[in-house]
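Data first, discussion second: the structure below is written as structure tokens.
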Amino acid sequence: MHFETIAQWQTELTTAIGAADSGAELEALRIRALGRNGLIHDIMGAIKTAPPGDRRAWGQAANAWKQAVQTALDARQADLARPRAAPADFDVTLPGYWRGLGSRHPVSQLIERAVGIFRRLGFTVAEGPEIETVHNNFDALNTPESHPSRDQQDTFYLADGQLLRCHTSPVQVRHMQAHQPPVRIVAPGRCYRRDTADATHSANFHQIEGLYVAERVSLADLKGDLAFFARALLGPDVKTRLRPHFFPFTEPSVEVDFSCHVCGGQGCRVCKQSGWIEIAGAGMVDPNVFRAVGYDPEAVTGYAFGLGIERMAMILYGIPDIRLLYDNDVRFLSQFGV
Ligand code: DAH
């Protein structure tokens, strides 16, 4: 027998021991190595047959071998005795960890709800970009050069001569340019104005634009559709009224009020004692707008409206300050969790 042989046995054994998966497997290895007829027996035999001068060295080698194998066995034994990780440890009766679920932002929720109501009235959804041309945002909407909303103070102009749309009305222009009448669309989206933020103003906010163009559309259609919307959103008793107003892109123009859903029109804090809440600008599409998009104002008429989403959210949920909608305070937002 050579020293190399016992060295090789040692390597093989310690590898096998390290990989042993059970006490029984380990015991079998122990017997093979250190048992009465185990490898150690052969090694001891080799000592006896070695030349007397080598016996001392063999004795030491045999002891070292025995010890190395025993150490490996003990280590593996301890390993196997240690409680196993995850599965054996997993208590299925423990309650789970609570993970805060996100929720849709109230503005998104309201847009979804409003659009859902208009869909029931046969509207489809159109969209336009937030970066617009001066033409779509103002010129095609019959807004004169001198109109105050064109002012640098009120509208964000970009270096390339475009602007951040200050209302969703340019989507009307885009849609009519691309489609022939009849059209019946709502266009929800974000708008920008150079307003200093306070309780009721924000430099960006959302509107839902509405546009219905066909033969013989009238102001009665506008009132009927918005009254339907009001009842679906706020309840069956909510009334709708139109007040004369002015917008460059509509003639006649109106402001739309819904009766206060909180006090039922009696007057309260929400409606500032008036019994009514202003909810939209609207009117009959100005013939000049039709001309700008290539429609024949003699052939079709149409109504349009623009609803302020944040305003609607504030009224509906009793939110006293528009900035709450944009502070991203989870304590506020989580109240709207669905
Ligand atoms: N664009 C108007 C605004 O931002 C709202 C508006 C008024 C939209 C009348 C319309 C409309 O479509 O007909 O204040």
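The values are calculated or read from the model by the stated rules, or taken from the named source; none is laboratory data. Nothing here was measured: the structure is a model prediction, and the numbers come from that model. Please note: Cβ atoms are built from the backbone with ideal geometry, for glycine as well, and neighbour counts cover all protein chains shown. These accessible areas exclude ligands, DNA and RNA; they are computed on the full protein's heavy atoms, side chains included. Shrake-Rupley method; radii C 1.70, N 1.55, O 1.52, S 1.80 Å.
Does Ala46 satisfy being open to solvent by less than 50 Å² (accessible area, probe 1.4 Å) and over 30 Å from Pro83 (Cα atoms)? Criteria met by Ala46. Filtering the stretch 248-258 down to residues that are in a strand (DSSP E or B) and surrounded by fewer than 22 Cβ atoms within 10 Å (Cβ to Cβ), which residue is nearest to the ligand (Cβ to nearest atom)? Taking the candidates together, the pick is Ser253.
Cβ-Cβ distances below 8 Å connect the following pairs, each with a first residue in the stretch 303-328 that is touching a residue at least 60 places away in the same chain (Cβ under 8 Å) and closer than 25 Å to Val186 by Cα, a second residue that is among the aromatic types (Phe, Trp, Tyr) and within 16 Å of the ligand (Cβ to nearest atom), and a separation of six or more residues or different chains: Tyr303/Tyr212; Ala304/Tyr212; Ala304/Phe249; Gly308/Phe205; Ile309/Phe205; Glu310/Phe205; Ile322/Phe205.
Being assigned by TED's automatic domain parsing to the domain that holds Glu112, away from the ligand (no atom under 16 Å from the Cβ), surrounded by 19 or more Cβ atoms within 10 Å (Cβ to Cβ) and more than 32 Å from the chain's Cα centre (by Cα) is not true of Ser274.
Answer yes or no: is there a residue in the stretch 230-239 that is open to solvent by 60 Å² or more (accessible area, probe 1.4 Å), among the charged types (D, E, K, R) and part of a strand (DSSP E or B). No; the residues of the stretch 230-239 include none that is open to solvent by 60 Å² or more (accessible area, probe 1.4 Å), among the charged types (D, E, K, R) and part of a strand (DSSP E or B).
Under the condition of being β-branched (Val, Ile, Thr) and under 28 Å from Gly264 (Cα atoms), the residues counted in the stretch 209-252 number 2.
All conditions in (1) in contact with a strand residue (DSSP E or B) (Cβ under 8 Å, 6 or more places away or on another chain); (2) at pLDDT 95 or above hold for Cys260, with the sole exception of (2). Specify which of the listed residues (Thr196, Thr143, Thr200) is in a loop (DSSP other than H, G, I, E, B), hydroxyl-bearing (Ser, Thr, Tyr) and loosely packed, with under 13 Cβ neighbours inside 10 Å. Testing whether each residue is in a loop (DSSP other than H, G, I, E, B), hydroxyl-bearing (Ser, Thr, Tyr) and loosely packed, with under 13 Cβ neighbours inside 10 Å leaves just Thr196. For Gly337, the criteria (1) open to solvent by less than 30 Å² (accessible area, probe 1.4 Å); (2) of a type in the set (Gly, Ala, Ser); (3) more than 16 Å from the ligand (Cβ to nearest atom) hold in every case but one, which is (1). I need a count of the residues in the stretch 266-282 that are over 25 Å from Pro252 (Cβ atoms) and polar (S, T, N, Q). Here the count works out to 2.
Of the listed requirements (1) outside any strand (DSSP E or B); (2) under 29 Å from the mean Cα position of the chain (by Cα); (3) within 16 Å of the ligand (Cβ to nearest atom), Asp225 misses just one: (2).
Exactly one residue out of Arg323, Arg331, Arg311 is open to solvent by 70 Å² or more (accessible area, probe 1.4 Å), within 16 Å of the ligand (Cβ to nearest atom) and in the same structural domain as Arg243 (by TED's automatic domain parsing), and it is Arg311. Residue-level analysis places Arg269 among those that are surrounded by fewer than 15 Cβ atoms within 10 Å (Cβ to Cβ), more than 14 Å from the ligand (Cβ to nearest atom), among the charged types (D, E, K, R) and over 18 Å from Phe118 (Cβ atoms).
Candidates Arg174, Arg150, Arg190: the one that is surrounded by 14 or more Cβ atoms within 10 Å (Cβ to Cβ), under 17 Å from Ala304 (Cα atoms) and assigned by TED's automatic domain parsing to the domain that holds Ala280 is Arg174.
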